[in-house]
1. Taking 0.36 nm per intervening residue step and subtracting the Cα-Cα distance, what contour gain separates VAL337 from LEU155 on full extension?
2. Heavy atoms only, probe 1.4 angstrom, no DNA, RNA or ligands counted: give me SER199, SER361 ranked by accessible area, highest first.
3. If the cut-off is a Cα-Cα distance under 16 Å, which lysines reach LYS235, setting aside same-chain residues fewer than 8 apart in sequence?
4. For ASN173, which sequence-distant residues (separation of 5 or more, or a different chain) have an amide H within less than 5 Å of its own amide H, given hydrogens modelled in the peptide plane?
5. State the answer as a single residue: which of GLY159, THR317, GLY260 lies farthest towards the positive end of the charge dipole of the chain, with beta carbon charges of +1 for Lys and Arg and -1 for Asp and Glu, about the Cα centre.
6. Which residue fluctuates most in the GNM of the chain (Cα springs below 10 Å): PRO234, PRO352, PRO178?
7. What are the DSSP H helices in the chain that stretch 24 Å or more along their long axis, judged by alpha-carbon atoms, and whose average Kyte-Doolittle hydropathy comes to at least 0.0?
8. Using the Cα atoms of the chain, I'd like the radius of gyration and the largest Cα-Cα distance, Dmax, both in angstrom.
Amino acid sequence: MSDATGSASEEPRRDESDGLLDTHSPRKIVAWATVGGLAVLLAAGALFPDSLAGTLSDVITSRNTLASALRLSVPIAFAALGGIFAEKSGVINIGLEGLLIISAFTAVYVTDVTGGVWLGFGGGIIASTLLAALFAVVTIRFRADQIIAGLAVWLIALGLAPFASQVIYGGPNTSTVPTIGAISVPVLSEIPFFGALFSASPSVYLLFLAVALSWYVFERTSFGRWIRASGENPKALDTAGVNVAHVRYAAVLLSGVLSGMGGAALSLDLGQFTGNGPTMVNGKGFIAIVAYLFGNYNPIGAFLSTMLFAGLDAMQTALQLQGIGVPRQLIRITPFVVVIVILALVGRTRTPEAAGEYYESGEE
């Protein structure tokens, strides 16, 4: 029996290594090209400080850019981690956007009612987890199409959160509430550029911890091996005596917990939920899907992918204030264009073999 689970779990481990460590992999090439291009830009900026390269170099090396990138990465990276747990177990959860929306609103509402920021943070996590549980029951127990169910989660949250805000606060935007204060480490926070790492919101440090723990779960625990086997070869896992449905339920609930942390951090770092249009989440859940696909379902890879997008987003915000002669509309879309280009260069990402497929324990 152990051989069955072993063979099911070893295959995805090899694929992850191929995607992240292979010298000739597209991801490796893109990563080195990014580092090389950045080095050339910084060198040109140092030689010609009054040029466009100099302006870009100043923005890239600004402590404010790193601080902004870290803040922007939090909701995306948390949702990406949640998506990895769900999809590696065999359940495709494209409703991450909806989980971020519902947790962002609930976190602000609970904070407003109780006066406790961390109570609000916990409330956001609970709301997201409950919605993820509903998604899990519909897809795992009742065999609903996972893509359609994920879209339903998004649309439910997209309508419910602004509606609840309208009923409670008289508009799509909530009242302001206390924010999560930053943690600043004396002396270290004064270091140029990297000092931003030591003066950040607690949600940033929670993200670092979540990335490390997620990697540890997948690489060093039986539960991580069960998740991989559930997504790659559920029959082998079932043969070994592990209930596939239970593993998938746990993985989807974890996606709700992690996405809830991201959504709650997003709204509580700003102190308000904004429900206009696509809401303050504004596509971050879908960007999270891109991040973990680019990261090849590896928590560290997903985090680095998120930081790439968040860094570009932080840069475009700073460049709009520089007056470099490029229309702001063009600068604003730069991060999204880069994401599309990267996906085109990277090509296919190997999804788990049983992703999106229903499995009933004991079936032949």
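The values are calculated or read from the model by the stated rules, or taken from the named source; none is laboratory data. Model, not experiment: these values are computed from the prediction. Cβ placement follows ideal geometry from the backbone for every residue including glycine, while neighbour counts extend to all protein chains displayed. Please note that ligands, DNA and RNA were not included when accessible areas were found on the heavy atoms of the full protein model with its side chains. Shrake-Rupley method; radii C 1.70, N 1.55, O 1.52, S 1.80 Å.
1. 63.0 nm
2. Values: SER199 40, SER361 60 Å².
My answer, sorted largest first, is SER361, SER199.
3. LYS88
4. It is GLY275, by chain and number.
5. The Cα lying farthest towards the positive end belongs to THR317.
6. In the Gaussian network model the winner is PRO178.
7. Details: long enough: 2-21 (28 Å, -1.25); 26-47 (31 Å, 1.38); 63-88 (36 Å, 0.78); 96-114 (27 Å, 1.46); 117-136 (28 Å, 1.86); 146-169 (34 Å, 1.71); 202-220 (26 Å, 1.17); 244-270 (40 Å, 1.26); 299-320 (32 Å, 0.96).
Once both thresholds are applied, what remains is 26-47, 63-88, 96-114, 117-136, 146-169, 202-220, 244-270, 299-320.
8. 21.1, 70
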